[in-house]
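Novice: Can you keep this structure in mind? I'll have questions shortly.
The values are calculated or read from the model by the stated rules, or taken from the named source; none is laboratory data. Remember, predicted model here, so these are calculated numbers, not experimental data. We place every Cβ from the backbone using ideal geometry, glycine too, and count neighbours over all the protein chains shown.
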Amino acid sequence: MDTNTIDQQYLQAHMDQLRQKAAARRSRRELIKSLGDTEDDWHDTPSAQEIASYVKHMVAYPQQNSSLAERYIARFGSKQFLLEHLESAAAS
Amino acid sequence: MRIDELISFDRQPVATAQFRQDLSDASDQESDIVPKLKKLIQFKRHSAPDQSMSKKDYILKYGPLHGYWHYHLIFGRLIVIYALDRDQIRLIRIGPHSWIEGGYDPGFEQYIKGLKPSDYTPFELGDDISVSDLNAQDLAKLKITLYGLATNATDRDMLKAAVKGHVDQDMMDLMISNLDGPSSDAEKWLSIQRAFGGMSGLSKAIATILRNTEIS
């Protein structure tokens, strides 16, 4: 393969798209770390937005997994702080 | 050490006829359900009885379905209800999360509690549920990415470090972002290395690309 044979516009678009995806990966990783979890805990969840939504869901319906919801709330000091953090992570 | 840790489990997946129908209906609408289900089954075949695959997989601790498991195929929206014993993963239903929120649908509860061993039959989703080898298109995208990085001054330094064995997270993120699918990032990175014949092969490929390119 020779760079001369690669359409430069295509290459630029490809790299721009990859950088966006890589930035999304970083956001996801930072959110997981902030929750005190590991990548393995969320390996089946592709984005920070989905993780944030899922944790919000867990906090909204704690009946079946209250210990985990409580751990997340305790880590952030209050449910409000946790939800604000999740909103911020989902928006990044 | 717990007794579970000494026992090697090899559970066989079995499913109800209703589960098969649910899967058929759901996979018509959501394309990535089958790979997610395959990963769950693979994990549960050998897991300890109380071991979750991820945060989205947990045992119901209260209510009439206490002791059954549910896993979010699509968070908060679509779940699979299943049960585990020593020898089987019993796949029961796929359906909306509302089944287990607040009050239970009496018909749903009655259905689950009325199931008999003869209602389950062996269930197969294919054997190869690990990361498949990369296809030609994925490989081409990876090579184009390396060329793209090699022609950018900052990224070129990242590639030079990789040749010496120091692969930083940014480079891994960029490479992994070429691959779609439900595999974890770690699995995707391994898959990339395998495609180049291991880390040494990847380093050689990068060195070749660096030799044949210059900053644009």
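Novice: Taking the conditions exactly as written (outside the structural domain of B:LEU40 (by TED's automatic domain parsing), touching a Lys or Arg at 6+ places or on another chain (Cβ under 7 Å) and on the phi < 0 side of the Ramachandran plot), does B:ASN178 satisfy them or not?
Specialist: Yes, satisfied.
Novice: Would you be able to tell me the number of residues in the stretch B:132-169 that are over 25 Å from the mean Cα position of the chain (by Cα) and farther than 20 Å from A:HIS14 by Cβ?
Specialist: Counting residues in the stretch B:132-169 that are over 25 Å from the mean Cα position of the chain (by Cα) and farther than 20 Å from A:HIS14 by Cβ gives 7.
Novice: Considering only helices (runs of 4 or more DSSP H) fully contained in the stretch A:1-91, which possess at least 3 residues that are of a type outside the set (Val, Ile, Thr) and farther than 19 Å from B:TYR58 by Cα?
Specialist: A:8-34, A:66-76, A:79-91
Novice: Could you identify the single residue in B:SER118, B:SER191, B:SER203 that is assigned to a helix (DSSP H, G or I), of a type in the set (Ser, Thr, Tyr) and assigned by TED's automatic domain parsing to the domain that holds B:GLN18?
Specialist: Every option except B:SER118 fails the conditions.
Novice: Let me ask something else about it. Among the numbered criteria (1) in a loop (DSSP other than H, G, I, E, B); (2) out of contact with any helix residue (DSSP H, G or I) (no Cβ under 7 Å at 6 or more places or on another chain); (3) buried (at least 18 other Cβ atoms within 10 Å of the Cβ); (4) touching a residue at least 40 places away in the same chain (Cβ under 8 Å), which one does B:ASP138 miss?
Specialist: Failing condition for B:ASP138: (1).
Novice: Turning to a different aspect of this structure: Go through (1) surrounded by fewer than 18 Cβ atoms within 10 Å (Cβ to Cβ); (2) closer than 20 Å to B:ILE74 by Cα; (3) modelled with pLDDT of 90 or more; (4) within 8 Å of chain B (Cβ to nearest Cβ) for A:GLU87 and report which single condition fails.
Specialist: The single condition A:GLU87 does not satisfy is (4).
Novice: Let me ask another. Going by the structure shown, is B:ALA162 part of a helix (DSSP H, G or I) and surrounded by fewer than 17 Cβ atoms within 10 Å (Cβ to Cβ)?
Specialist: no
Novice: Just checking, which of B:GLN193, B:GLN169 is surrounded by fewer than 18 Cβ atoms within 10 Å (Cβ to Cβ), closer than 25 Å to A:TRP42 by Cβ, within 14 Å of another protein chain (Cβ to nearest Cβ) and of a type outside the set (Asp, Glu)?
Specialist: B:GLN169
Novice: Which residue pairs have Cβ atoms closer than 7 Å, lie 6 or more positions apart in sequence or on different chains, and pair a first residue in the stretch B:160-178 that is farther than 24 Å from A:ARG28 by Cα with a second residue that is not in a helix (DSSP H, G or I)?
Specialist: B:ALA161/B:ASP168
To keep it simple, each residue is scored yes or no on (1) of a type outside the set (Val, Ile, Thr); (2) at pLDDT below 85; (3) within 19 Å of B:PRO13 (Cβ to Cβ); (4) touching a strand residue (DSSP E or B) at 6+ places or on another chain (Cβ under 6 Å).
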{"residue": "B:GLN51", "(1), (2), (3), (4)": "yes, no, yes, no"}
{"residue": "B:LYS56", "(1), (2), (3), (4)": "yes, no, yes, yes"}
{"residue": "B:ARG77", "(1), (2), (3), (4)": "yes, yes, no, no"}
{"residue": "B:ARG90", "(1), (2), (3), (4)": "yes, no, yes, yes"}
{"residue": "B:TYR111", "(1), (2), (3), (4)": "yes, no, no, no"}
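Novice: May I ask you to list pairs of residues, at least six apart or on different chains, whose Cβ atoms are under 8 Å apart, with the first in the stretch A:14-42 being crowded, with 18+ Cβ neighbours inside 10 Å and of a type in the set (Phe, Trp, Tyr) and the second being assigned to a helix (DSSP H, G or I) and at pLDDT 95 or above?
Specialist: So the pair list comes out as A:TRP42/A:ILE32.
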